[in-house]
Amino acid sequence: MRLALTGAAALLLTTTGALAQTLTISTYGIAQDGFKKHLYAPFEAQCGCKLVIEVGNSGERVSKLDARKANPEVDVIAFTDFDALDAANKGLTETIDAKKLTNYSKLYEFARDPVGGNKAIGYTYYSTSIAYRSDKVKIDSWADLAKPELKGRVALPNITTSQAPLALFMIDKAVGGKTPDLAAGIDFVGKMKGDVTTFYERGSQLPQLLQQEEIYAAVLGRFGWAGIKKLGMPIAWATPKEGQSGGINVLSLVKGSKNQDLAYKFIDFWLSTEVQTKLAQDLIDSPVNADVKLDDAIAENLTYGADTAKSLSLVPPAQLLEQRKAWVDGWNAKVAR
Amino acid sequence: MNKLLGPALTLPAVTFIAVGFVLPVLILLSEAVTVNGAFSLSPLIGFFRDPGSVEVFWRTIRLSGLVTLTSAVVGYATALAIVDSSPSARGRLIGTLILPLMVSPVARTYAWVVVLGRTGLVNLVVVGLGLSPEPLRLLFTETAVFIGLVQLLLPLMVLSLVSALENIPADVVPAARVLGAGWFTTFFKVTLPLTREGLVIGGTLVFTGALTAYITPAILGGSKVLMLETLLYQRIRVTNDIAAAGVIAIILVVLSITANVLLKRVAGGRSQ
């Protein structure tokens, strides 16, 4: 009898499994436990559908999208704003109809159409600046990265990371660069390369390097700040006179998706005040929904508020996309060798 | 019947290797010599024209060679000691030797980040003994990668040499001694030639291992000490340049085979 019941239950499960619609999401690999708890599981419960999550680095997932454009498997993709522009230019993504999103009006202005043509919608953003040992050095400018106190004690993002263009953009600004190829900034980094401890590829390495006093300063995105504050060391977040940079992560609808209605529902859910609040409270993502209210203690670890958003020197995605190759070439000639 | 049985038994494994390994590798390698669908050597030439890539190429050969040489010298001494010990101690020693191979390479390499760090054990000793007024910068240098690779690969060399030493007929060394050969003569004229096969196997394993190690150079060297393997990863992940990655893959395969052939030559030449 028990066996028969189990069998029946299993049959029931497989039938519902087969009937349930699936929605495939392509996203970053970080904090998946948190996303599962606050985003995926509640959405599945609400829609009675099944989410399939594919994770990876932003650029690599765009390539996959391109490779499978004839028969796309992914419905919604989360990536950087410039990768979104790249995908839009390649005709891989759909124009988003804002009217289908009930939470659209709650978004900060900068998140509504970050790459133009309604091809993407921001779901989180972050500032990028310098974390430094306030007892060892004082940082007021991006050019201070080359201060003598930091000789052999500074980590910069490698050109392969999404933080590198932002760091270069600001350093270039600080040293009076005038050209879009950031030649002055790249030159500056090239001259100090011997004094750079490492050009890091994984931001997750930074807390350990700071703890071991391997480095006194590092350029990083605010999403890594919580891990550094936990060290309990005298480390400050710089507010350089040239400003902080930053980036927006966005969602796009994949062209040819067979689950568009469900995809809209998912995007809307992700942007809702409730989900954005929960993701912020667990320090997973900074909210773009202006209705999200956070305690100071939480806000301190994130990038929060309309004023912060306005103050950031964001690299226009079009410039980044257009110049990225020149920056990489310049970097390879001056810094990597 | 028996003639057919042999090949028939290997068929599942051979099919698996052919479909799951040889074919994809060939497809990958073919990417390196095609431009717009036609055969071309330009990706390969491009690699050797780029000074940055050439630097990585020579660094990889230099470091792998140095790691192999160090492992051979240090490994030989260790292997002799192990073979000389009592059977029960031998088991324990080999067990200890294999133990690090059972630890995740990521955890092991991160341990080196702590040990080699500015506040780590090595620098504690260096500064404590007054060898340097302040802690040395070891992390993200070739030295760090070298140390990490030797620790990673030394057991393979020792194991190959232990089995080679165990296979030496028991009476050849006493015979050489009886005939008046000293320790050095016995070692260089008898033991070493008889274990050259072990050195070739160990050397190939260590050299290939150093060539294709990813985690060690990635964590201990970072982007300032790129090796072919870390460069390959960068080409795929960041620039999505499959052709460049294919070129590096070809170079790695060629280097591995060349190393094996050369080592056999060297070992074979000495005995004649």
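The values are calculated or read from the model by the stated rules, or taken from the named source; none is laboratory data. The structure displayed is predicted, hence computed values, not measured ones. Note that each Cβ is placed from the backbone with ideal geometry, even for glycine, and that neighbours are counted across all protein chains shown.
Annotations
- Extreme residue, farthest from the other protein chains (Cβ to nearest Cβ), among residues of segment A:313-337 that are buried (at least 18 other Cβ atoms within 10 Å of the Cβ) and small (Gly, Ala, Ser): A:GLY330
- Members of segment B:102-114 found to be away from chain A (no Cβ under 14 Å) and either surrounded by fewer than 13 Cβ atoms within 10 Å (Cβ to Cβ) or in contact with a Lys or Arg (Cβ under 6 Å, 6 or more places away or on another chain) (or both), listed by number: B:MET102, B:VAL103, B:SER104
- Test: A:TYR216 is surrounded by 18 or more Cβ atoms within 10 Å (Cβ to Cβ) and farther than 16 Å from A:VAL335 by Cβ: yes
- Within the option set A:SER252, A:SER204, being within 14 Å of chain B (Cβ to nearest Cβ), polar (S, T, N, Q) and out of contact with any His (no Cβ under 7 Å at 6 or more places or on another chain) holds for one residue only, A:SER204.
- The set of residues in segment A:41-67 being part of a helix (DSSP H, G or I), facing chain B (nearest Cβ under 10 Å) and within 18 Å of the chain's Cα centre (by Cα) consists of A:GLY59, A:GLU60, A:VAL62, A:SER63.
- Of everything in segment B:115-171 that is in a loop (DSSP other than H, G, I, E, B) and among the aliphatic types (A, V, I, L, M), the residue that is nearest to the other protein chains (Cβ to nearest Cβ) is B:LEU139.
- From the options A:VAL315, A:VAL254, residue that is in contact (Cβ under 8 Å) with a residue 60 or more places away in the chain and more than 30 Å from A:LYS230 (Cα to Cα): A:VAL254
- Inside segment A:268-289, residues that are in a helix (DSSP H, G or I) and surrounded by fewer than 23 Cβ atoms within 10 Å (Cβ to Cβ) make up a count of 7.
- Residue under evaluation A:ASP83, criteria (1) in a helix (DSSP H, G or I); (2) in contact (Cβ under 8 Å) with a residue 60 or more places away in the chain; (3) under 24 Å from A:SER313 (Cβ atoms), criterion not met: (2)
- When segment A:113-137 is filtered for residues that are touching a helix residue (DSSP H, G or I) at 6+ places or on another chain (Cβ under 7 Å) and small (Gly, Ala, Ser), the ones remaining, listed by number, are A:GLY117, A:ALA120, A:GLY122, A:SER127, A:ALA131.
- Checking A:GLY227 against (1) under 23 Å from the mean Cα position of the chain (by Cα); (2) within 14 Å of chain B (Cβ to nearest Cβ); (3) closer than 29 Å to B:ILE236 by Cβ, the condition it does not meet: (2)
- Within segment A:138-166, the residues that satisfy the criterion of being of a type in the set (Lys, Arg) and within 14 Å of another protein chain (Cβ to nearest Cβ) are A:LYS151, A:ARG153.
- Condition check for A:ARG133: within 14 Å of another protein chain (Cβ to nearest Cβ), in contact with a Pro (Cβ under 8 Å, 6 or more places away or on another chain), surrounded by 18 or more Cβ atoms within 10 Å (Cβ to Cβ) and farther than 19 Å from A:LEU312 by Cβ: yes
- Qualifying positions in segment A:290-312 - buried (at least 17 other Cβ atoms within 10 Å of the Cβ), touching a residue at least 60 places away in the same chain (Cβ under 8 Å) and part of a loop (DSSP other than H, G, I, E, B): A:ALA290, A:ASN301, A:LEU302, A:THR303, A:LEU312
- Scan of segment B:96-109 for residues that are within 15 Å of B:ALA213 (Cβ to Cβ) and in contact (Cβ under 8 Å) with a residue 12 or more places away in the chain, ordered by number: B:PRO100, B:LEU101, B:PRO105, B:VAL106, B:ARG108, B:THR109
- One residue stands out in segment B:40-66 among those that are among the β-branched types (Val, Ile, Thr) and out of contact with any Leu (no Cβ under 6 Å at 6 or more places or on another chain): the one that is modelled with the lowest pLDDT, namely B:ILE45.
- Elements of type strands (runs of 3 or more DSSP E) in segment A:175-263, at least 2 residues being assigned by TED's automatic domain parsing to the domain that holds A:GLN276: A:245-254
- Check on B:ARG118, in contact with a Ser or Thr (Cβ under 8 Å, 6 or more places away or on another chain), free of Cβ contacts under 8 Å to residues at least 40 places away in the same chain, of a type in the set (Lys, Arg) and surrounded by 12 or more Cβ atoms within 10 Å (Cβ to Cβ): no
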